[in-house]
Every structure is written in structure tokens, then in C-alpha cells.
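A quick write-up on the structure given underneath.
The values are calculated or read from the model by the stated rules, or taken from the named source; none is laboratory data. None of these values were measured; they are calculated from a predicted model. Don't worry about glycine lacking a Cβ; one is built from the backbone with ideal geometry, like all the others, and counts go over all protein chains shown. Only protein heavy atoms, including side chains, enter the accessible area calculation; ligands, DNA and RNA are left aside. Shrake-Rupley method; radii C 1.70, N 1.55, O 1.52, S 1.80 Å.
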Amino acid sequence: MAEQVHRLIYRSHSTVPGDRRDEVLAEIFDVARSKNKKAGVTGALLISDHWFVQALEGDEAVVTGLFETIREDDRHTEVSVVESTPVAGRVFSRWSMARISASGRSDIPLHDVDGRIRPAAPDQPDREQQELLTRMRNTIGADSV
Ligand SMILES: Cc1cc2nc3c(=O)[nH]c(=O)nc-3n(C[C@H](O)[C@H](O)[C@H](O)COP(=O)(O)O)c2cc1C
């Protein structure tokens, strides 16, 4: 039987001061990757100067439970769900939590948006991934992500 996957996407406003950003983000990714791996959660966290947009994929109860923990985290505020829905499969299956940002390291390269998406090739992120990342970027109107 195919795996039942639930995907939750939210966006939030970062409360992390600029001068502690690198340190705090490293901490978040360390914990997220290790906990998500154990819980069978995959996803991506998109980072702009002031906003986070995160996609969490996995078992519905696990994902919604994790989201309840994340939403209480005081490193962000104004947490609002963009979508929470069953999906046919994982889009970020390779990542316990991919880091997506324009400045600094990004685990998945960001191609041109607005439909100018290149065909998927073995060494390139696939189309579905780029489409979802584009949708995530659009929720914060993020030219800079
Ligand atoms: C923007 C943001 C994204 C986060 N993403 C995750 C995540 O994907 N997985 C995770 O376990 N924790 C994530 N966290 C951290 C959780 O809020 C929490 O601190 C962590 O899961 C440890 O919780 P615990 O002490 O209850 O185990 C995130 C925090 C923030 C601010």
C-alpha cells in the first residue's frame, strides 16, 4: 500500500535578531534534522530576512503533532497555516529538512521563478519541488528568497 503522506505548510515571522541569525538557524536545523529523521518527517524551511515558510511531510498525526510544538517556539511569531492536506507523495523525500535561502547556503538551488522552470534532470531539483518552492516563496512575496 502506498504511504499516506500529509503535508503542512505554514509561514511565520522570525523573531531572531540579525546578529544571532546564523547561530540560531544552525541550532534549529540541527534539532529539526535529527528529530525529523527519527519521526519520518521530511520537508523544507525557506528563510528570508524576516520570514520563515516551512513544509512538513509525513504521517498526519506526526506532522500535526510536530507543528503544535513548532508553533509554540518563541523564535518566531504570527504562525499561520498556508495549507494542511493529504498529498500523493513526498516532494522533499531526500531531506529531513532542506534549507532554502537566497543568501548563504541553500540545499536546493533556486531556479528562476514565474514558470521559467527548467526540465528535471537527474542532477537537478525536480519540477514538482521547484513548483512547491515557488508557491512557498509567493506566500511571503519573497523576491529575496
Ligand atoms: C522556524 C522553525 C522551524 C522548526 N522546524 C522544526 C522541525 O522541522 N522539526 C523539529 O523537530 N523542530 C523544529 N523546530 C524546533 C521546535 O520548535 C522545537 O524547538 C524542537 O522540536 C525541540 O522540541 P522539544 O524540546 O519539545 O523536543 C523549528 C523551530 C522553528 C523556529
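For the chain, give the share of DSSP beta bridges that are antiparallel, in percent and rounded to the nearest 5; count only bridges with both residues there. In the chain, approximately 85 percent of DSSP beta bridges are antiparallel ones.
Per-atom-type breakdown for segment 1-113 gives carbon and sulfur 50% of the accessible area (1.4 Å probe, protein chains only). Residues ILE70, ILE47, ordered by accessible area of protein heavy atoms at a 1.4 angstrom probe radius and largest first, appear as ILE70, ILE47.
Amide H to amide H distances under 5 Å link VAL79 with HIS13, where only residues 5 or more positions off or on other chains count and H is placed in the peptide plane. Taking ASP49, ASP126 and ordering them by how much accessible surface each has at a 1.4 Å probe, largest first, produces ASP49, ASP126. Amide hydrogen proximity for TRP51: with H placed 1.01 Å from N in the peptide plane, the residues at 5 or more positions away or on another chain lying under 5 Å are SER14.
What the phi angles of segment 64-77 give under the Karplus curve with 6.51, -1.76 and 1.60, with θ = phi - 60°, is a coupling list of 5, x, 4, 4, 4, 5, 4, 5, 7, 5, 7, 7, 8, 8 Hz, glycine and proline written as x.
When LEU56, LEU110 are compared by accessible area of protein heavy atoms, the largest-first order is LEU110, LEU56, using a 1.4 Å probe.
Among the GluC sites (Glu not before Pro) in segment 43-105, those placed in a DSSP loop whose Cβ has at most 14 other Cβ atoms within 10 Å are GLU72.
For segment 5-138, the equivalent ellipsoid built from the Cα gyration tensor has semi-axes of 22, 19, 14 Å, listed from largest to smallest. In the assembled protein chains, ARG71 presents an accessible area of approximately 90 Å² (probe radius 1.4 Å).
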